Amino acid sequence: MNEHHGLTEAQKAFYHENGYLIGLPPIYTAQEMAGFNAELPELLKLLKPGETSKDIREWHETSLYLYQICMNRKILDLVEDILGPNFFMWASGFFIKEPYSTSKVGWHQDAYYWPMKPQHSVTVWLAFDDVDEGNGGMKIIPGSHKGGVIKHQRKQSEQTDSVLTLELEQGSFREDTAVQFKLKAGEISMHDDRAIHGSQANPSPRRRAGLTVRYSGTEVKNDLAVNPNFKAYLCRGTDEYRNNPVGVVPTQRFGRPDFKAVSIEEAGAVKM
Ligand SMILES: O=C(O)CCC(=O)C(=O)O
């Protein structure tokens, strides 16, 4: 029998109060993560000249390697306790900072980037390495998901080392309250789509790699005019809304889609 291994009432309350959750039981063992890390080059091999690991987005649609992680039932049990019984998975992407990388992720709210309504999404960040402050682990502002979505500013690449070009201005939130995430490889953090988060550079000799997977309640609708390739994979329950095109389960272990995933910014539809 498949038992539900979800969140405690205290963990649910913490998430709703703070907009994030860490300290969860590991999803994968160190040995399983070593296996995923050993296979990762097979995916990286599929990148085209000029592309980086950041371009591995929505490859769960063509790679069982990723699809199986995104649909891991241990993860879905936890997400279900946040989003409720009916939800789908729609995005995945790597955030890899190689040793001594100056690349950071500027403070932002995911909901600002996504042409999706209403805001009812959770990101799972699966650590492929041990991550902490020393190698540029993520930081989050507790409770910031309650303040609504704040206007982001566009940064030119010469002004920022951030892999994202829309950032929150200093002073628009209390940076001194930030909580540092520490995860062992195989553990996850979860965060609300309105939570303010980001990460610093990686000045260490250790890689810092994580896979983000995004889940939304079935009532959430993507604007296809902005992100036309959007595909929803129902994880739990029923999709009574039928708001979004449905994805097809991949058949090969490694493959790349022939489209490029876009956010509102990339589609030129930034709400400023
Ligand atoms: O990996 C990071 O540092 C940032 C990830 C992120 O921004 C996200 O998961 O939305």
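Data for the structure
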read-out	value
Residue that is modelled with the highest pLDDT [pool: residues in the stretch 81-131 that are within 20 Å of Ile56 (Cβ to Cβ) and among the basic types (Lys, Arg)]	Lys97
Residues satisfying the stated conditions in the stretch 188-236, i.e. part of a loop (DSSP other than H, G, I, E, B), buried (at least 22 other Cβ atoms within 10 Å of the Cβ) and within 11 Å of the ligand (Cβ to nearest atom)	Asp193, Ala195, Ile196
Checklist (1) free of Cβ contacts under 8 Å to residues at least 12 places away in the same chain; (2) touching a strand residue (DSSP E or B) at 6+ places or on another chain (Cβ under 9 Å) applied to Pro49, failing item	(2)
Residue count for the stretch 198-246, restricted to those that are within 23 Å of Tyr67 (Cβ to Cβ), in contact with an Asp or Glu (Cβ under 7 Å, 6 or more places away or on another chain) and of a type in the set (Lys, Arg)	2
Out of Gly136, Gly143, Gly148, Gly106, sole residue that is touching a residue at least 24 places away in the same chain (Cβ under 8 Å) and either surrounded by 22 or more Cβ atoms within 10 Å (Cβ to Cβ) or under 19 Å from Leu44 (Cβ atoms) (or both)	Gly136
Residue that is nearest to Gln68 (Cα to Cα), among those in the stretch 1-36 that are outside any loop (DSSP other than H, G, I, E, B) and either among the aliphatic types (A, V, I, L, M) or touching a His at 6+ places or on another chain (Cβ under 6 Å) (or both)	Met33
Members of the stretch 37-63 that are crowded, with 16+ Cβ neighbours inside 10 Å and assigned to a helix (DSSP H, G or I)	Leu40, Leu43, Ser53, Asp55, Trp59, His60, Glu61
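Here is a yes/no grid of residues against (1) closer than 25 Å to His145 by Cβ; (2) charged (D, E, K, R):
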position: His5; (1), (2): yes, no
position: Glu9; (1), (2): yes, yes
position: Leu21; (1), (2): yes, no
position: Leu43; (1), (2): no, no
position: Cys70; (1), (2): yes, no
position: Leu76; (1), (2): yes, no
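The rows are residues; the columns are (1) within 17 Å of the chain's Cα centre (by Cα); (2) acidic (Asp, Glu); (3) more than 13 Å from Ala127 (Cα to Cα).
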position	(1), (2), (3)
Val179	no, no, yes
Ser204	no, no, yes
Arg214	yes, no, yes
Asp223	no, yes, yes
Val226	no, no, yes
Asn229	no, no, yes
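The values are calculated or read from the model by the stated rules, or taken from the named source; none is laboratory data. Treat the numbers as computed from the prediction; the structure is a model and nothing was measured. Ideal geometry is used to build each Cβ from the backbone, glycine not excepted, and the neighbour counts take in all protein chains shown.
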